[in-house]
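The values are calculated or read from the model by the stated rules, or taken from the named source; none is laboratory data. Everything numeric here is computed off the predicted structure, so don't read it as measured data. Cβ sites come from the backbone with ideal geometry, for glycine too, and all protein chains shown count toward neighbours.
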Amino acid sequence: MNRRVFLQASAAFSMAAWADSARPTAIVKTTNGPVRGLSQAGIETFLGLRYAQPPLGPLRFRPPQKLNPWTEVVDADVLGAPSMQLRSGGSAVAFPGDVGKALGEVFTAADDIAKQNEDCLFLNVWTPQLGGSRKRPV
């Protein structure tokens, strides 16, 4: 079994096990609208939170534009699309020896490339608890 297959199988198994034991969070009011994430083992998780309008068409190559607020609860339980990426070794950073090749095997699998999208303005937030008066990093 090569590294890529092993890592993909491990990640899929871990995510499936995590998703099976996760439960919905309370609904959280944000400046854009209400969202609901997942909670597991004391960690509240909000995945794929859109923070700006999609940078498509006339918004391409422009600063992020504010979203129009929504009123319905949005489920934040799936990662948003990753941004477009160059294959390892094709960037401004060169990796010595077999490192670049290994990174290419791990981080640029065909299904990862298929998920990449220009519409990638999403945040993922993990917090140990909701509410309370104590500020936490995000």
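General observations
- Taken over segment 116-138, the criterion of being surrounded by 10 or more Cβ atoms within 10 Å (Cβ to Cβ), within 23 Å of Q65 (Cα to Cα) and modelled with pLDDT under 90 is satisfied by Q116, N117, E118, D119, C120.
- Any pair with Cβ under 9 angstrom, 6 or more apart, that starts in segment 116-138 at a residue that is under 30 Å from G57 (Cβ atoms) and ends at one that is outside any strand (DSSP E or B) and hydroxyl-bearing (S, T, Y): Q116/S83; N117/S83; E118/S83; C120/S83; L121/Y51; L121/S83; F122/Y51; L123/Y51
- The sole residue among F46, F61 that is exposed (fewer than 12 other Cβ atoms within 10 Å of the Cβ) and among the aromatic types (F, W, Y) is F61.
- Close Cβ contacts (under 7 Å, 6 or more residues apart or on different chains) running from residues in segment 28-45 that are small (G, A, S) to residues that are part of a loop (DSSP other than H, G, I, E, B) comprise G33/P69; G33/W70; G33/T71; G37/T25; G37/A76; S39/A22; S39/T25; G42/P128.
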